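What follows is calculated from the coordinates using simple rules that are stated; it is not laboratory data. None of the values given here were measured: they were computed from a predicted structure. Cβ placement follows ideal geometry from the backbone for every residue including glycine, while neighbour counts extend to all protein chains displayed.
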Amino acid sequence: MKSILLHKHFEKKYSKLPKKINEAFKERRNLFLEDMHNPILGTHALHGKYKGYQSFNVTGNIRVVYKEEKEDIFLFVDIGTHPELYS
């Protein structure tokens, strides 16, 4: 069974997001737990400053950056728009 841990940075940014985005995140988080490779999520490996991390889509522009800490234990480290995360 997969487990998710939340980094303090993630929690801080998540708490500032609009309710609509929070609800979309919860739906996508549940989908991630069921099947992290579901095409709806657009899961993909990252490079550059996020080498070793992966990302999935919450909405068209909101992404979650995460890392697998141990087998089936995932640390969500950041959430935000594409420009916020990758610029």
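Summarising the label geometry, the points placed 7 Å from Cα in the beta-carbon direction at Ile4 and Lys20 lie 2.1 nm from one another. In the chain, helices alone account for a calculated mean residue ellipticity at 222 nm of -9500 deg cm²/dmol, with every DSSP H run of four or more residues adding -39,500 (n - 2.57). For the chain, the list of trypsin sites (Lys or Arg not before Pro) that fall in a loop by DSSP and count at most 11 other C-beta atoms within 10 angstrom reads Lys16, Lys51. A DSSP coil position with no more than 10 other Cβ atoms inside 10 Å describes the following GluC sites (Glu not before Pro) in segment 22-87: Glu71.
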